[in-house]
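Student: What follows is a structure written as structure tokens; I'll ask about it next.
The values are calculated or read from the model by the stated rules, or taken from the named source; none is laboratory data. The structure displayed is predicted, hence computed values, not measured ones. Because the Cβ atoms are built from the backbone with ideal geometry, glycine has one as well, and the counts that use them run over all protein chains shown. SASA here: full protein model, heavy atoms, side chains in, ligands and nucleic acids out. Shrake-Rupley method; radii C 1.70, N 1.55, O 1.52, S 1.80 Å.
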Amino acid sequence: MLAFLSNILGNKEKSLGVAVHIGAGVGRELEIYNAMNFSRIVAVEPDPTLFDKLNRKSKRFEHVQVKNVWVAPKTGETSIYCFANPRFNSLLAPDQLTEHFSNLKQCEQKSSMAEGINDFIENLQPLDPNKVNVLIFDVQGAESNLFSECSQDNLNQFDWVIVRTSQESLYKNSTQANELIKTLATRNLTLRFTDDENVPYTEHYYQRDQNAITIKQLESKLLESQQNNSELTARYEEAGKANLQAKQDINDLNVKLKELSGNTTAKEKELADKKALVEQLKEQIAKLTESTQQQLEVAEQKAKKALQDLANKQIEFEKAQQQIESLSKQLAEKAQQLTKLEAESQETQQRLERENNELSQSVETQKKTVQLLEEKAKHTEDAAKLLRDEKQTLVEQFEEQSQKVQAQQEKAKQAEDKYTQLQGEKQALIELAEEQKQATQESIKLEEAKVRDLQSELAKTKKQLEQQTQWHHQNKDRVENLNKQMTELKQQVLERQKASDMAIKLQTKAQVDLEDLREKYKNKNYNEQQLVELVKELRVKLKQAAEFYHYLENNHPELAELDYADTTASLVKAPKTKKSAKSS
């Protein structure tokens with residue numbers, strides 16, 4: 001394996017970076033890698049027996065890193081197929097393998113943990129893009145599965161990819177060489193050389209086509225710029241539509257604002273009228289309350305005066321009653337005196353009758369006594385007349401006083417009636433005042449409720465006006481932002497246009513460079529074909545030398561003690577010497 005590697009990479013202008021060999025076996029190629037001065041060598045072998053030999057051999061070289069791990073399409077547990085000869089172990093089941101190697105016996109199928117190809121490459125230290133990095137696959141038919149899962153970014157880190165594959169279907173579901181070439185061509189890997197010496201295996205040397213990668217990148221950038229240009233155009237159109245809509249919204253808002261201003265002025269006028277009406281009603285209520293209070297005060301004064309007159313009349317009535325009582329007492333005394341006098345007169349008359357009877361019997365004898373008695377009777381009659389006159393005067397005085405009392409009683413009754421009438425009028429005035437007060441209070445409440453409603457409507461209107469104003473300002477800010485975005489989008493469109501123009505120029509330049517590169521590539525191909533012919537001649541001679549070496553090794557064992565590294569170095573340098581001799 002790797003017969004052409006030293007010849008291919010020996011004359012490169014770049015220095016060699018990392019060589020990653022998956023399926024390194026016992027490490028037969030480590031001497032070649034070391035002689036080619038790779039800065040780092042990573043050798044991977046999953047089988048423990050082969051890994052022990054690889055590990056022991058790697059200690060003879062610097063910058064060699066060995067790993068004992070299965071590399072699979074994805075990280076995780078996977079099935080592996082193990083054989084008695086571990087160099088045929090594979091991730092795939094055997095198909096025609098035993099037909100080519102009849103003495104090969106399958107050992108067992110088991111499960112093992114594997115590291116995914118992407119994780120494996122990402123876990124490597126960062127590869128230097130300024131150096132030539134090489135990836136070698138010797139994975140017994142699983143190369144297509146690994147390539148299908150390997151990302152393009154990880155694959156682009158390697159300048160050369162070398163694959164040891166089979167010409168026939170040795171393993172199930174394995175990809176043959178022709179199909180692999182087509183698959184890798186889509187991954188920007190171009191087949192440069194093929195080594196078919198070890199049948200049924202073949203070695204393919206793929207080189208990363210940087211020009212194709214650059215063209216694809218330019219095409220992707222051009223496509224992206226076109227998409228961005230179309231997106232910017234669409235956004236520009238949307239911004240224009242949004243701007244028109246915003247202008248229409250602003251016009252509508254201005255119309256609504258004017259309507260709201262008109263409504264607000266009308267509402268304010270109506271509210272002012274209502275306030276003036278309320279003030280008038282308050283003034284009327286104040287006047288009515290004042291007049292009612294004055295009437296109440298006048299009625300109270302009249303009632304107080306009537307009560308005073310009634311009190312005076314009652315005092316006079318009491319005095320008159322006292323006088324009547326005193327007169328009644330005097331009349332009773334006079335009546336008693338009169339009854340006494342009448343009783344005395346009756347007694348006197350009875351006595352006179354007895355005396356007259358006695359005198360009639362003795363008129364003559366007692367003439368003088370009769371004359372005296374007549375004189376006494378005359379005096380008694382005069383006193384009785386006087387008493388009757390006094391009684392008559394007293395009765396007349398009593399009747400006059402009774403009449404006066406009746407007149408006073410009538411006046412008191414009239415005063416009481418007037419007082420009750422005034423009380424009724426006062427009560428009616430009070431009730432009327434209360435009713436007017438209640439009606440006034442109700443009207444005030446209604447007007448206050450109307451004022452509150454008008455104030456709430458005014459507050460709502462002001463709030464709506466403020467909201468409309470705020471919305472107007474927000475839409476104005478939105479329009480300004482949209483205008484700024486439109487200017488930015490215009491600038492972006494201009495920049496994208498410039499970028500697209502530059503990309504088109506770069507694409508045309510790349511096409512010109514590509515044509516130039518194709519021309520150079522044709523020349524290089526011709527030179528490489530000549531080089532291949534020289535290498536074939538060199539291979540024939542190397543094969544002869546190898547046969548001679550095996551002949552010497554079998555027939556002359558004393559030569560086996562020679563250092564294998566010196567022999568390999570001489571073999572590596574020999575093609576260069578042969579090439580220089582051929583060119584000379």
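Student: For SER500, which of the numbered conditions (1) modelled with pLDDT of 75 or more; (2) open to solvent by less than 50 Å² (accessible area, probe 1.4 Å) fails to hold?
Tutor: (1)
Student: Please tell me if VAL535 is modelled with pLDDT of 80 or more, touching a Pro at 6+ places or on another chain (Cβ under 8 Å) and among the β-branched types (Val, Ile, Thr). Break it down stepwise before answering.
Tutor: Values: modelled with pLDDT of 80 or more: yes; touching a Pro at 6+ places or on another chain (Cβ under 8 Å): yes; among the β-branched types (Val, Ile, Thr): yes.
Answer is yes for this residue.
Student: So the check is Cβ under 8 Å with 6+ separation or different chains; which pairs have a first residue in segment 463-486 that's closer than 11 Å to LEU257 by Cβ and a second one that's assigned to a helix (DSSP H, G or I) and open to solvent by less than 40 Å² (accessible area, probe 1.4 Å)?
Tutor: So the pair list comes out as GLN464/LEU260; LEU465/LEU260; LEU465/THR264; GLN468/LEU253; GLN468/LEU260; TRP471/LEU253; HIS472/ILE250; HIS472/LEU253.
Student: Sticking with this structure for a sec: So which of GLU447, GLU466, GLU442 is open to solvent by 100 Å² or more (accessible area, probe 1.4 Å), within 19 Å of GLU279 (Cα to Cα) and of a type in the set (D, E, K, R)? Break it down into steps so the answer makes sense when it comes.
Tutor: Working: GLU447 fails: open to solvent by 100 Å² or more (accessible area, probe 1.4 Å); GLU466 fails: within 19 Å of GLU279 (Cα to Cα).
Exactly one residue qualifies, and that residue is GLU442.
Student: Would segment 460-476 turn up any residue that is among the hydroxyl-bearing types (Ser, Thr, Tyr) and at pLDDT 75 or above? Break it down into steps so the answer makes sense when it comes.
Tutor: Just the residues of segment 460-476 that are among the hydroxyl-bearing types (Ser, Thr, Tyr), to begin with: 461, 469.
Remaining after also requiring at pLDDT 75 or above: none.
Within segment 460-476, none of the residues are among the hydroxyl-bearing types (Ser, Thr, Tyr) and at pLDDT 75 or above.
Student: Let me ask you something else. For TYR206, all conditions in the list (1) at pLDDT below 85; (2) part of a strand (DSSP E or B); (3) not β-branched (Val, Ile, Thr) hold save one; what is the number of the exception?
Tutor: Unmet condition: (1).
Student: Let me ask another. Only one of GLU547, GLU515, GLU528 is over 60 Å from the mean Cα position of the chain (by Cα), within 20 Å of ARG192 (Cα to Cα), in a helix (DSSP H, G or I) and not β-branched (Val, Ile, Thr). Can you tell me which? Walk me through it before giving the result.
Tutor: Numbers: GLU547 fails: within 20 Å of ARG192 (Cα to Cα); GLU515 fails: over 60 Å from the mean Cα position of the chain (by Cα).
One residue alone meets the criteria, GLU528.
Student: From the list LEU191, LEU223, which residue is surrounded by fewer than 18 Cβ atoms within 10 Å (Cβ to Cβ) and touching a His at 6+ places or on another chain (Cβ under 7 Å)?
Tutor: LEU191
Student: When the residues of segment 27-49 are narrowed to those that are of a type outside the set (S, T, N, Q) and assigned to a helix (DSSP H, G or I), which ends up most open to solvent (accessible area, probe 1.4 Å)? Lay out the reasoning, then the answer.
Tutor: Taking segment 27-49 and keeping what is of a type outside the set (S, T, N, Q), we get 27-33, 35-36, 38, 40-48.
Retained after the next criterion (residues that are assigned to a helix (DSSP H, G or I)): 30-33, 35, 48.
Numbers: LEU30: 5, GLU31: 9, ILE32: 31, TYR33: 3, ALA35: 48, PRO48: 78 Å².
Among residues in segment 27-49 that are of a type outside the set (S, T, N, Q) and assigned to a helix (DSSP H, G or I), the one most open to solvent (accessible area, probe 1.4 Å) is PRO48.
Student: Determine if segment 50-59 includes at least one residue that is part of a loop (DSSP other than H, G, I, E, B), surrounded by fewer than 20 Cβ atoms within 10 Å (Cβ to Cβ) and among the polar types (S, T, N, Q).
Tutor: In the first step, residues of segment 50-59 are kept if they are part of a loop (DSSP other than H, G, I, E, B); the result is 59.
Retained after the next criterion (residues that are surrounded by fewer than 20 Cβ atoms within 10 Å (Cβ to Cβ)): 59.
From what is left, the residues that are among the polar types (S, T, N, Q) are none.
Scanning segment 50-59, I find no residue that is part of a loop (DSSP other than H, G, I, E, B), surrounded by fewer than 20 Cβ atoms within 10 Å (Cβ to Cβ) and among the polar types (S, T, N, Q), so the answer is no.
Student: Could you pull out the residue among PRO94, PRO73 that is touching a Lys or Arg at 6+ places or on another chain (Cβ under 8 Å), buried (at least 19 other Cβ atoms within 10 Å of the Cβ) and under 19 Å from PHE137 (Cβ atoms)?
Tutor: Values: PRO73 fails: touching a Lys or Arg at 6+ places or on another chain (Cβ under 8 Å).
The conditions single out PRO94.
Student: A further question on this structure: Name every residue in segment 458-514 that is farther than 20 Å from GLU238 by Cα and of a type in the set (Val, Ile, Thr), in order of residue number.
Tutor: The initial filter retains those residues of segment 458-514 that are farther than 20 Å from GLU238 by Cα, namely 458-473, 498-514.
Result: THR461, THR469, ILE504, THR508, VAL512.
To keep it simple, each residue is scored yes or no on (1) outside any loop (DSSP other than H, G, I, E, B); (2) over 30 Å from GLN421 (Cβ atoms); (3) modelled with pLDDT of 65 or more.
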site: GLU318; (1), (2), (3): yes, no, yes
site: LYS329; (1), (2), (3): yes, yes, yes
site: GLU342; (1), (2), (3): yes, yes, yes
site: LEU359; (1), (2), (3): yes, yes, no
site: LEU387; (1), (2), (3): yes, yes, yes
site: LEU394; (1), (2), (3): yes, yes, yes
site: SER402; (1), (2), (3): yes, no, yes
site: GLN406; (1), (2), (3): yes, no, yes
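Student: Output the residues belonging to segment 217-262 that are within 32 Å of the chain's Cα centre (by Cα) and either within 30 Å of ASN156 (Cβ to Cβ) or not in a helix (DSSP H, G or I) (or both).
Tutor: Matches in segment 217-262: ASN228, GLU231.
Student: Related question: Condition first: within 52 Å of the chain's Cα centre (by Cα), of a type in the set (D, E, K, R) and part of a loop (DSSP other than H, G, I, E, B). Now tell me which residues in segment 108-149 satisfy that.
Tutor: ASP128
Student: Let me ask you something else. So VAL163 passes all but one of these: (1) surrounded by 22 or more Cβ atoms within 10 Å (Cβ to Cβ); (2) part of a loop (DSSP other than H, G, I, E, B). Which condition number does it fail?
Tutor: Checking VAL163 against (1) surrounded by 22 or more Cβ atoms within 10 Å (Cβ to Cβ); (2) part of a loop (DSSP other than H, G, I, E, B), the one that fails is (2).
Student: Against the definition (modelled with pLDDT of 75 or more and β-branched (Val, Ile, Thr)), how does VAL278 come out, yes or no?
Tutor: In short, no.
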